[in-house]
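So the structure is just underneath, and the comments pick up after that.
The values are calculated or read from the model by the stated rules, or taken from the named source; none is laboratory data. Given the structure is predicted, the values throughout are model-derived calculations rather than measurements. Every residue, glycine among them, receives a Cβ derived from its backbone with ideal geometry; neighbour counts consider all protein chains shown. Note: accessible area is taken over every heavy atom of the protein model, side chains too, but ligands, DNA and RNA are not part of it. Shrake-Rupley method; radii C 1.70, N 1.55, O 1.52, S 1.80 Å.
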Amino acid sequence: WNGTVDLETAKILLTLGADSVEFEGYTKLLLDRRKLVEFDTEARVWIKHDLLKTRARRIVSKVEKLASLNASNARGNVFSNFISSGIKMIFPKLDMKKFESLREAVQWLDA
């Protein structure tokens, strides 16, 4: 994620991530939100109502771990927390953790 994420960018990135799990067999994911500023309204609505409640439900059982890197700015962290809260609410059993550094996130995913 980089800057303000619009609907088109959210669809591309999250669809690629879902495809990686569903078709390529990835079981550990890393969300890099260090440069995130915000998701626009359309992107937030699509993520919450379309992605998380439809396709994500089909593939979440294939994901072992989800690491996320916190945004480097306060506004980005608000949006990072929005996404993390939505994921946790819909998938409470998903092993998910937030990190400040890429090294720590990768170490946790590899453990």
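Cβ-Cβ under 8 Å, sequence separation 6+ or interchain: first residue in the range 19-41 and among the polar types (S, T, N, Q), partner open to solvent by 50 Å² or more (accessible area, probe 1.4 Å). Which pairs?
Close Cβ pairs (under 8 Å, with a partner that is open to solvent by 50 Å² or more (accessible area, probe 1.4 Å)) amount to Ser20/Tyr26; Thr27/Lys62; Thr27/Glu64.
Every residue in the range 1-26 that is of a type in the set (Gly, Ala, Ser) and under 11 Å from Ile59 (Cα atoms), please.
Initially, the range 1-26 is screened for residues of a type in the set (Gly, Ala, Ser), giving 3, 10, 17-18, 20, 25.
Passing the criteria: Gly17, Ala18, Ser20, Gly25.
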